[in-house]
Amino acid sequence: MKKLFAILMALCMLLSCAALAEGVEEVNWSDIEATLAEAGVNGEFVNFDEIAVKIWIPEGLEPVELTDEDREAGYIGYFQNEEAQLAVVYANVDGMSIEDYAAQLAEMDGIQEIAMLNINGLPGVRYQMTENDSLNIAFATEAGYILEVTMAPLSADGAAVVWGIVGASIQAE
């Protein structure tokens, strides 16, 4: 019970940081890292050398070998188990800013809860997709690409906690 309470506290901290209030909100891994250690939540960082970013992947999500087609579609990482999946995509958007990307998302059906945020110093946008029951976090890169992390399902028991922690972990190497 103590472990669950600590995880819920971490989620509350993350959600309060990520909530859209008066503009861009800050989310920092250092605010959550200590709580994870105390709660005994396990995972490890995976480095994505193509983009000099690392992401904390929860224990139990296994890497999937990407095909040439996956790579052509922009996938640079994919992790899954029987209950969940996490995809990391690096897509060419011809230099679109993160603000323009967020505006484009706002015009699409099935997109909700769009919020601008700053995760560990990286400006980005967080949103949910009803069609695939996912939480998505995207960042624009200097190379004119969007780095997008998609985590699903969002509605599963405890998923919001785990995906919130993953989202808060995204950081430059």
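Remarks
- Each Cα pair under 8 Å and six or more residues apart adds its sequence gap; the mean of these over the residue count of the range 32-84 is a relative contact order of 27 percent.
- Pairs of Cα atoms nearer than 8 Å and 6+ residues apart set the relative contact order; for the chain it is 25 percent.
- The chain: DSSP helices with Cα axial extent of at least 18 Å and average Kyte-Doolittle hydropathy no lower than 1.0: 2-18
- Once the Cα-Cα distance is subtracted from the 0.36 nm per residue extended length, the Ala156 to Met116 segment shows a gain of 12.0 nm.
- The simple Förster model, with R0 at 22 Å and r as the Cβ-Cβ distance, assigns Glu82 and Asp133 a FRET efficiency of 0.90.
- Residues in the range 135-143 carry Karplus couplings, in order, of 9, 10, 10, 10, 9, 8, 10, 5, 7 Hz; the curve used is 6.51 cos²θ - 1.76 cosθ + 1.60 with θ = phi - 60°, and Gly or Pro positions show x.
- Glu44 paired with Glu26, simple spin-label distance in nm, labels 7 Å along Cα-to-beta-carbon: 3.2 nm
- Amide H partners (placed H, <5 Å) of Glu25, local residues excluded: Leu117, Asn118
- Here the relative contact order of the range 115-166, from alpha carbon pairs under 8 Å that lie six or more residues apart, stands at 23 percent.
- Overall shape: prolate for the range 76-173, with the ratio a/c of the largest to smallest alpha carbon gyration tensor axis at 1.5 or above and a/b above b/c.
- Using the Karplus relation 6.51 cos²θ - 1.76 cosθ + 1.60 with θ = phi - 60°, the per-residue 3J(HN,Hα) values for the range 109-121 come to 6, x, 9, 9, 6, 6, 9, 7, 8, 10, 9, 6, x Hz, with x marking Gly and Pro.
- Calculated FRET value between Ala172 and Ala73, using beta carbons and R₀ = 35 Å, to 0.05: 0.90
Every number here is computed from the coordinates shown, using simple stated rules; none is lab data. From a predicted model like this one, the values you see are computed outputs, not experimental measurements. Every residue, glycine as well, gets a Cβ built from its backbone with ideal geometry; the counts of neighbours run over all protein chains shown.
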